[in-house]
Structure formats: C-alpha cells, structure tokens
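In what follows, a structure is listed as structure tokens, so that the remarks can point back to it.
What follows is calculated from the coordinates using simple rules that are stated; it is not laboratory data. Fair warning: this is a prediction, and the values are worked out from it, not measured in the lab. Neighbour counts are summed over all protein chains in view; Cβ atoms, including those assigned to glycine, are modelled from backbone coordinates with ideal geometry.
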Amino acid sequence: MSIRNLDAMFAPKSVALIGGSAREHSVGNVLFLNLASAGFRGPVWVVNPRGGRLGASDSYPDIASLPDAPDLAVIATPAQTIPGIIDELGRRGTKAAIIITAGFREMGAEGRALQTRLLEAAKPYLMRIVGPNCLGIMVPGVGLNAAFTHIAPLAGDIAFVSQSGAIVTAIIDWATSRQIGFSHVVSLGTMADVDFGDMLDYLAQDTNTRGILLYIESIPDARKFMSAGRQAARLKPVIVIKAGRHREGARAAASHTGALAGSDAVFHAAFRRAGMLRVFGMEELFDATETLSTRPERKPLAGDRLGILTNGGGVGVLTTDFLIDAGAHLAELAAETVARLDAVLPRTWSRDNPVDIRGDATAERYARAMEILLQDPNTDAILAMNCPTAVIDNVEAAQAVIVAAKKSSKPVFTAWLGDQGAHAARRIFQNEKIPTYDGGLQAVHGFMHRVHFMRNQKLLMEIPPAAPAWPESDRAVARALAERARWLKIASGWTSPKPRRCSRPMACRWSKP
C-alpha cells in the first residue's frame with residue numbers, strides 16, 4: 001500500500017474544478033457551489049472551455065491558462081476526455097485528482113481499456129486518483145467539500161469511506177441531524193487507484209481520526225487490505241459493513257462497481273482476524289456510528305456483563321431478552337451492591353438486575369442508583385433506560401445520569417424511550433458524547449459493538465504458539481515410516497537402493513530401472 005501524495009488529496013493548498021458549469025442542478029454546478037461554500041482557505045479555480053464567470057469567479061478556458069498547478073483536481077468531464085486531462089495536469093505538477101465521471105471499468109471491456117489509459121497517463125507523475133464513478137471527498141476540518149452532495153458534513157473525528165455514493169449521502173444526512181461530525185468522507189467509486197487499503201493506511205496515521213467506518217462491496221487487493229486493516233485496527237476502531245453477502249447481491253455489486261466479490265464467509269473471517277467489527281444493514285451502521293461518535297472511555301470495556309437501570313420493568317425484561325439473544329450476559333449484582341441499593345431505593349424495587357427503580361423514580365433516585373451500579377465489581381457497563389411518565393422530567397433524569405457517568409470510567413449507554421418527549425434528553429446525551437438510542441434493542445446493538453470490538457482486538461493480538469519439540473518416540477516413528485516407504489518404492493521397481501551412474505542423477509534416481 002502507499003500513502004504517497006495523499007496529503008495533496010486530503011489537505012490541498014489549491015483546487016481546480018475541471019468541468020465546472022453555470023447550469024443549475026448540473027454536477028459541475030453543484031461541485032462548484034460546494035467547493036466555494038465550504039470555507040476552503042486556498043484558491044479554487046474553474047476550468048470551462050466556454051470561459052465566462054461562475055458565481056463571483058472567472059473561469060479559465062483550459063488547464064494551461066491556470067495561474068498555477070493545483071494540488072488537487074476535481075474532474076467532471078466526459079469519460080473519453082479524462083486520460084488527456086490527467087496527462088496535462090500531471091505535466092503541470094498536479095499530484096491528486098478526483099474523477100467524478102462514470103463510464104470506466106463498470107462498463108465492460110471498452111471501459112476497462114479507458115481506465116487503463118487513465119492509469120497510464122497518471123503513472124509517470126505519481127498522481128493519485130480517487131474514482132472514477134464516485135461522489136467525491138469531503139474533509140470538513142480544512143473546509144474541503146469536493147463532492148456533489150446535497151448537504152455538507154459537520155467536522156468531527158470519524159472517517160467514513162464508501163464504495164457507494166448513495167450510502168455516503170444517507171450517512172451524512174442522518175449524522176448531521178444528530179450533530180455527529182466526520183474527519184473525512186470519501187467515496188471511492190470503482191477504485192482505479194486509491195482503494196480501501198490505501199485509505200486505512202492513511203487514516204490509521206491521521207491524528208484527527210478516532211474511528212473508521214467502511215462500506216464495502218468488493219476488495220480488489222485482499223493482501224493489501226488485510227495488512228492495512230490489521231495496522232489500523234490496532235490503533236483505532238474500524239467498523240465494516242459488507243454488501244453483497246449472497247450470490248444475487250454480489251452480482252448486483254459487480255454491476256455497480258465492475259468488481260467481483262468473493263465468499264461472504266471468507267470476508268467475515270478476514271474482518272474478525274484483522275480486528276475489525278462487522279455490522280449488517282444500514283440501521284446497524286447508524287447504531288455503530290452513534291457508538292463511535294461518543295466519548296472514548298478512560299477504561300476499555302473489560303467484558304460483556306451489562307447492568308440495566310430502568311424505571312419500567314417491562315422494557316428491562318425485553319432488553320434482557322435482546323441481550324441474551326446477542327450472546328452477552330446480564331450482570332449478577334454483588335451482595336454489597338444490593339445492600340447499598342436497598343438503602344436508597346423504595347422497598348418495591350426489583351432487588352435484581354435489571355434494576356427497576358419504579359415508574360415514580362425521580363432524578364435523584366436515578367443519580368443514586370447509577371452511582372452504586374457503576375461501582376459494582378460484577379458489571380462491565382451500564383445501560384440507563386427511561387420510559388416517559390407524568391411524575392418525572394426526562395431532561396432532569398438524563399442530566400442525573402450524565403453527572404454519575406462522568407464520575408466513572410465504565411462505559412455508559414442510554415435509551416430514552418418515546419418520541420417527542422425524549423428528543424430533548426437524547427440531544428443532551430449527544431452533546432455530552434454519551435451513546436443514546438431509541439430503544440432497548442438498538443442500545444444492546446451499541447453495547448455489542450463494543451463487546452465484539454473488544455473480542456476482535458484480542459483475536460488480532462493472538463500469535464501462534466511455539467512449535468513443541470518432537471519427542472524421541474515421535475522421531476523413531478517418523479524414521480520407521482520413512483524407511484518403510486523407501487523399501488516399498490524399491491519393491492515396486494520405481495527406484496534403486498544403490499545410485500546408478502547417470503549424467504542427470506536426480507532424474508535417474510526417480511526413473512524406472
């Protein structure tokens with residue numbers, strides 16, 4: 001893998017848009033508006049053969065007339081023109097390009113030939129290419145929005161790399177409404193050059209990225225991907241959603257990107273061995289994004305024993321079922337914990353896990369119960385739940401949980417049930433970077449993401465045991481077997497016990513006498 005010249009891609013000092021347009025709602029026009037409005041501090045030049053003005057900027061008729069060589073070029077011109085454009089940019093000194101245009105490998109033999117010409121044009125200049133057939137890239141931290149999206153992502157510390165542009169727009173839309181930001185958003189398209197291995201290698205070293213999300217349909221270079229994935233997963237969480245799990249889905253992925261996908265069982269084993277966490281479906285990917293966007297715990301998750309605090313017994317029972325189905329354990333409260341809870345909770349509390357503090361629970365009751373549960377030696381994490389009632393303010397209960405959570409190093413998850421009444425509380429949790437979910441099932445998914453990540457990290461660090469020394473008895477058996485095999489060959493006439501004179505000894509030794 002190589003991260004050569006990727007800084008020119010993701011931290012450029014100047015950008016040129018090749019194929020910018022004044023026509024409303026065209027790709028070239030959306031790209032220009034996004035580039036111009038994102039707050040990029042360097043110059044943004046537009047190349048359009050017709051010239052004229054684009055917004056408040058003049059456009060240039062060709063690449064040769066640009067005032068300087070751009071670090072990054074964003075290209076949205078017809079496919080047949082692109083190899084020549086890449087060559088011209090390379091001669092000027094450009095080191096990175098994003099090709100938005102489709103019509104390459106995914107179009108069959110003719111498209112593959114065009115893609116080969118494209119790569120041959122880039123190779124002499126060591127130019128790096130994202131795409132073709134991609135949405136573009138976004139790096140909010142440097143004010144770069146080189147993509148034709150309907151909404152700009154917020155700045156944050158999660159990187160999202162996807163083969164699908166549609167998945168990118170869905171994730172950005174969902175995350176923005178929850179105040180979740182990104183360090184990088186990258187649509188790879190058909191991956192003529194920059195692929196998942198390159199991105200993992202680059203993002204593993206990026207100090208602004210705390211976690212990495214991947215949407216994968218195919219992996220063109222498995223060895224490169226595994227090497228980069230193992231390195232990245234040692235340093236930060238890597239969460240993967242792999243599309244095309246079944247034969248029909250894999251065929252759809254091939255028609256989408258022009259690449260072939262292999263056996264899903266192989267992918268699943270590879271992700272686990274590399275220390276990555278795999279999720280299934282968009283809802284779970286959203287849950288994983290919610291989990292990743294929260295504050296990093298001062299102490300990593302130690303196990304899969306969950307303590308549940310709730311003001312509704314029914315939701316506690318349902319969540320317990322979800323937890324057991326997921327393969328984790330309901331924590332068994334220590335006797336000391338039960339005694340301490342007896343002292344602060346009403347006599348009617350459940351006296352077991354889930355800890356049901358009853359429907360009339362106040363914010364103060366939430367705070368005391370949370371503090372005691374977080375100190376329990378048998379719990380690895382706590383899930384605090386709330387059902388809307390007329391006797392407690394959801395926001396006050398949420399604030400009580402936050403105060404207790406900040407005093408502990410254990411992971412805390414929350415699920416405030418309901419719709420309108422729960423929005424304000426969820427927003428407070430999001431602002432405090434505490435994971436919050438709509439219900440018990442989603443909260444268990446979030447907890448299990450941490451559990452599986454912990455288990456995969458242990459698997460990643462495993463090394464094969466040293467080979468044991470062969471006992472003398474085993475050596476004697478091996479010698480006897482080898483001697484028996486040699487005499488069987490002699491008896492069958494395929495070799496001779498004595499070497500014969502031969503100009504080619506190895507050939508004669510195994511030839512029939």
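What residues have an amide H closer than 5 Å to that of ALA96, excluding those fewer than 5 places away on the same chain, when H is modeled at 1.01 Å from N in the peptide plane?
Here ALA73, ARG128 satisfy the definition.
Based on the Cβ-Cβ distance of GLU364 and LYS458, what FRET efficiency does E = 1/(1 + (r/R0)^6) give at R0 = 35 Å, to the nearest 0.05?
Computed FRET efficiency for GLU364 and LYS458 comes out at 0.30.
Using θ = phi - 60° and the Karplus form 6.51 cos²θ - 1.76 cosθ + 1.60, what ³J(HN,Hα) does each residue of the range 397-408 get, whole Hz, x for Gly and Pro?
My calculation for the range 397-408 gives 5, 5, 5, 5, 5, 5, 4, 5, 4, 5, 8, 10 Hz in order.
How far apart, in nm, are the 7 Å Cα→Cβ label points at ALA22 and ARG245?
5.1
Find the relative contact order for the chain and round it to a whole percent, using C-alpha pairs within less than 8 Å whose residues are 6+ positions apart.
That works out to 10 percent.
In nanometres, what is the gap between the two model label sites at LEU235 and ILE151, each 7 Å from Cα along Cα-to-Cβ?
Here the modelled spin labels are 3.0 nm apart.
Could you tell me what percent of the DSSP beta bridges with both partners in the chain are antiparallel, to the nearest 5?
15
Among GLN457, ILE402, PRO377, which residue has its Cα positioned farthest towards the positive end of the charge dipole of the range 305-461, with +1 placed on the Cβ of Lys and Arg, -1 on the Cβ of Asp and Glu, and the dipole taken about the Cα centre?
It is GLN457, whose Cα lies furthest towards the positive end.
Looking at this model, which pairs from LYS433/LYS458; LYS224/LYS410; LYS123/LYS458 are more than 32 angstrom apart at the alpha-carbon?
Violating the 32 Å Cα-Cα cut-off are LYS224/LYS410; LYS123/LYS458.
Measuring from the lowest to the highest alpha carbon on each principal axis, how far does the range 1-134 reach, largest first, in angstroms?
41, 29, 25
Can you give the FRET efficiency to the nearest 0.05 for THR207 and ARG347, using r as the Cβ-Cβ distance and R₀ = 56 Å?
For R0 = 56 Å, the calculated efficiency reads 0.60.
Taking amide hydrogens as modeled 1.01 Å from N in the peptide plane, which residues meet the under 5 Å criterion relative to ILE219, leaving out close sequence neighbours?
GLY262
Express in nm, to one decimal, how much length is gained between LYS433 and ALA476 on full extension, taking 0.36 nm for each residue of separation and deducting their alpha carbon distance.
Extending this stretch completely gives an extra 9.0 nm.
Which trypsin sites (Lys or Arg not before Pro) does the range 304-381 hold that lie in a coil by DSSP with at most 12 other beta carbons within 10 Å?
ARG347
Which is the longest stretch in the chain that no exposed loop site breaks, taking sites as GluC sites (Glu not before Pro) with a DSSP loop state and at most 11 other Cβ atoms within 10 Å?
25-461
Give me the distance between the Cα centres of the range 97-117 and the range 1-80, rounded to whole Å.
Rounded to whole Å, the Cα centres lie 20 Å apart.
Got a sec? Which residues in the range 57-74 would a label at LYS13 touch, if it sits 7 Å along Cα→Cβ and we count backbone N under 17 Å?
67-73
Round to the nearest 0.05 the FRET efficiency obtained for SER177 and GLN80 when R0 = 41 Å and r is the Cβ-Cβ distance.
Calculated transfer efficiency: 0.50.
Could you compute how fast the range 191-242 diffuses translationally, taking Rh as the Kirkwood radius over C-alpha pairs and applying Stokes-Einstein at 25 °C with viscosity 0.890 mPa s? Give it in µm² per second.
Stokes-Einstein gives a translational diffusion coefficient of 222 µm²/s.
Given 37 °C and 0.692 mPa s, compute D for the range 153-293 with the Stokes-Einstein relation, Rh being the Kirkwood radius over Cα pairs; round to the nearest whole µm²/s.
The Stokes-Einstein estimate is 220 µm²/s.
In nanometres, what is the gap between the two model label sites at GLU396 and PHE280, each 7 Å from Cα along Cα-to-Cβ?
Between GLU396 and PHE280, the simple spin-label model gives 4.3 nm.
Give a residue-ordered list of calculated ³J(HN,Hα) values for the range 421-436 (Karplus: 6.51 cos²θ - 1.76 cosθ + 1.60, θ = phi - 60°; whole Hz; x for Gly, Pro).
x, 9, 4, 5, 5, 4, 5, 5, 4, 4, 5, 8, 6, 9, x, 9
Tell me which of LEU126, ALA102, GLY28 sits at the most positive position along the dipole axis of the range 1-147, charges placed on C-beta atoms (Lys, Arg +1; Asp, Glu -1).
Looking along the dipole axis, the top candidate is LEU126.
At 0.36 nm per residue, minus the direct Cα-Cα distance, what do VAL338 and VAL317 gain on full extension? Give it in nm, one decimal, please.
That works out to 5.7 nm of additional length.
Can you give me the convex hull volume of the Cα atoms of the range 305-461, divided per residue and expressed in Å³?
Convex hull volume per residue, Cα atoms: 104 Å³.
Report the Stokes-Einstein translational diffusion coefficient (µm² s⁻¹, integer) for the chain, Rh taken as the Kirkwood radius over Cα pairs, at 4 °C with viscosity 1.567 mPa s.
Using the Kirkwood radius from Cα pairs, D works out to 49 µm²/s.
Relative contact order for the range 108-217: what is it in percent, counting Cα pairs under 8 Å that are at least 6 residues apart?
Computed value for the range 108-217: 33 percent relative contact order.
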